[in-house]
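A short worksheet on the structure shown next.
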Amino acid sequence: MLGRNSGYVLLVVVYFLAAVLTELITNNAVAVVLTPIAIGLAESLGLDSRPLLVAIMMGASASFATPIGYQTNTMVYASGNYRFSDFLRIGVPMNIIVGLATCAAIALFMPLSK
């Protein structure tokens, strides 16, 4: 349906899905849940799964937008008297910038085709 750019679209979707989920649950759980899904999607599209797995690793580690996604965020949130909106205001743009840079680097250095 998406033609030859479907691999890159899938890469971005997998990254941002991992990044959103890691804001709600731990990064380890996100990696465990998304890894078999990404491998299955890559195989069904005839793509190399390794770039998608790197996207999951990076996306699951990019917890900037909430204080509950990562332990360090929670510690800083409590001791620094930050508000939840402080994390959203700074973290969402940071997630987007890091996500786009990561996806571009993965697409540049790791071919999606087998």
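Quick note: the coordinates plus some simple rules give every number you see, no bench work behind them. For clarity, every value in this text was computed on a predicted model and none was experimentally measured. Ideal geometry is used to build each Cβ from the backbone, glycine not excepted, and the neighbour counts take in all protein chains shown.
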How large is ³J(HN,Hα), in whole Hz, for each residue of the range 54-65 in order, when computed from phi with the Karplus curve 6.51 cos²θ - 1.76 cosθ + 1.60 and θ = phi - 60°, using x for Gly and Pro?
-> 5, 4, 5, 4, 6, x, 5, 8, 9, 9, 10, 8
Going by alpha carbons, how many degrees (0 to 90, nearest 10) lie between the helix axis of 27-45 and the longest principal axis of the chain?
-> 20 degrees
To the nearest 20 debye, what charge dipole does the chain have about its Cα centre, counting +1 at the Cβ of each Lys and Arg and -1 at the Cβ of each Asp and Glu?
-> 120 debye
Expressed in nanometres to one decimal, the distance between label points 7 Å along Cα→Cβ at ALA101 and LYS114 is 3.4 nm
For LEU47, the residues 5 or more places away or on another chain with a placed amide H closer than 5 Å to its own amide H are none
Taking springs between alpha-carbon atoms closer than 10 angstrom, which of MET58, MET94, MET75 fluctuates most in the Gaussian network model of the chain?
-> MET75
Calculated from the structure, Rg and Dmax of the Cα atoms in Å equals which of (1) 17.5, 56; (2) 15.1, 50; (3) 12.3, 36?
-> (2)
Show that you can apply the helix-only estimate: for the chain, add -39,500 (n - 2.57) for every DSSP H stretch of four or more residues, divide by all residues, and state [θ] at 222 nm to the nearest 500.
-> -24500 deg cm²/dmol
Can you run phi through the Karplus equation (6.51, -1.76, 1.60; θ = phi - 60°) for the range 99-114 and list ³J(HN,Hα) in whole Hz, with x for Gly and Pro?
-> x, 5, 5, 5, 5, 5, 5, 4, 5, 6, 9, 10, x, 7, 7, 6
